[in-house]
Amino acid sequence: MLEPLLGCRIIRVDGYDTDRLGTFTREVARAGTQLEAARAKARIGMDLSSLAIGLASEGSFGSHPSVGLLAWNVELLIWIDDELGLEIIGSAAGNTNFSHRLAASWEEARQFARETGFPEHWLVVRPESEEHPQIHKGIAGWDELESVFRRCSDLAVNGRAFLETDMRAHGNPTRMELISAAARDLAQKLCRRCPECAAPGFHAVERITGLPCEECGAPTKVARAETYRCARCRHQLIVEIRGPKTASAARCDYCNP
Ligand SMILES: [Zn+2]
Ligand SMILES: [Zn+2]
């Protein structure tokens, strides 16, 4: 999807085990932030391929920032161009099946699998607890799930098996879709050129609030414009947001305190 838009051929760089940078199943903890991890991956690819342009993605999972019970996935896609001195980030966030359960019976395990979109979405199973070292990843069929579940719960001191969603992109179509959305966001950003230096990636970095209230005209917290900035020469431009010229009085601190 990115190739025709960018006019680049994307090559996957082999010869490096990205699990060394962190796994979703906690054998290796990720060092640093999500963005730092994406940047490190892109840099490794650029080193191994001796190319001046790098592309890498990194996902993170947790709860929704305000709706605590909702499982939330943020995907970042980083584009580094050393010739132009550019770093552009595409992102997307959405609901996900990220979840786990300590199951005491096959019925319970089957229920969890159904809830998490198995078998299209793969599962990871291990005996006893989330820390048990005997880990089975990439489980993608009912028969396999049942036999692994039985083996794991037989091994466990507490008679249970720990099940969790496999968050690796190739085993998780929901995540794959979000990575595509992040790629579209990146492509959109890269396709706009800076009016000053013509570098790609002239994009909105900030929203400016203050759209006037429809009743009293006071500035509200509703955005009225966006600041576009070039990642290369720092040239910036304030662009008015198209749409209504006033904000609803319901959003006004004076009319609706
Ligand atoms: Zn520029
Ligand atoms: Zn008002």
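The values are calculated or read from the model by the stated rules, or taken from the named source; none is laboratory data. The structure presented is a predicted model; accordingly, all values stated were derived computationally and were not measured. Neighbour counts run over all protein chains shown; Cβ positions are idealised from the backbone, glycine included. Just so you know, the surface numbers come from the protein's heavy atoms only, side chains and all, with ligands and any DNA or RNA stripped out. Shrake-Rupley method; radii C 1.70, N 1.55, O 1.52, S 1.80 Å.
When ligands, DNA and RNA are left out and all protein chains stay put, how many square angstrom of accessible area per residue does segment 101-163 have with a 1.4 Å probe?
Details: 3180 Å² over 63 residues.
On a per-residue basis, 51 Å².
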Sum of side-chain charges, Cys252 neighbourhood, beta-carbon under 15 Å (Lys, Arg +1; Asp, Glu -1): +1
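Sum up the charges of everything whose Cβ sits under 15 Å from the Cβ of Arg26, counting Lys and Arg as +1 and Asp and Glu as -1, but leave Arg26 out.
On the way: positive: Arg20, Arg30, Arg126, Lys137, Arg168; negative: Asp19, Glu27, Glu128, Glu130, Glu131, Glu164, Asp166.
In short, -2.
Once every DSSP H run of n ≥ 4 in the chain is given -39500 (n - 2.57) and the sum is divided by its residues, what mean residue ellipticity at 222 nm do you get, rounded to the nearest 500 deg cm²/dmol? Mind showing how you got there, number by number?
Working: 5 runs with 63 residues, N = 257.
One gets -7500 deg cm²/dmol as the mean residue ellipticity at 222 nm.
With a/c under 1.5 counting as rounded, go ahead and sort the chain into rounded, prolate or oblate using the C-alpha gyration tensor (a ≥ b ≥ c being the square roots of the eigenvalues; past the cut-off, prolate if a/b is larger than b/c, else oblate). Write out the running numbers ahead of the final one.
On the way: a/c = 3.03, a/b = 1.51, b/c = 2.00.
Oblate, because a/c is 1.5 or more while a/b does not exceed b/c.
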Neighbour cut-off at most 14 other Cβ (10 Å), DSSP loop, GluC sites (Glu not before Pro), segment 62-151: Glu83, Glu120, Glu130, Glu131
Solvent-accessible area per residue, Å², over segment 45-89 with all protein chains present [probe radius 1.4 Å]: 48
1.4 Å probe accessible area per residue over segment 203-251, in Å²: 66
Fraction of accessible area attributable to carbon and sulfur, the chain (%, probe 1.4 Å): 51
Spatially proximal aspartates and glutamates relative to Lys245 (Cα-Cα < 18 Å; intrachain offsets below 8 disregarded): Glu214, Glu215, Glu226, Asp253
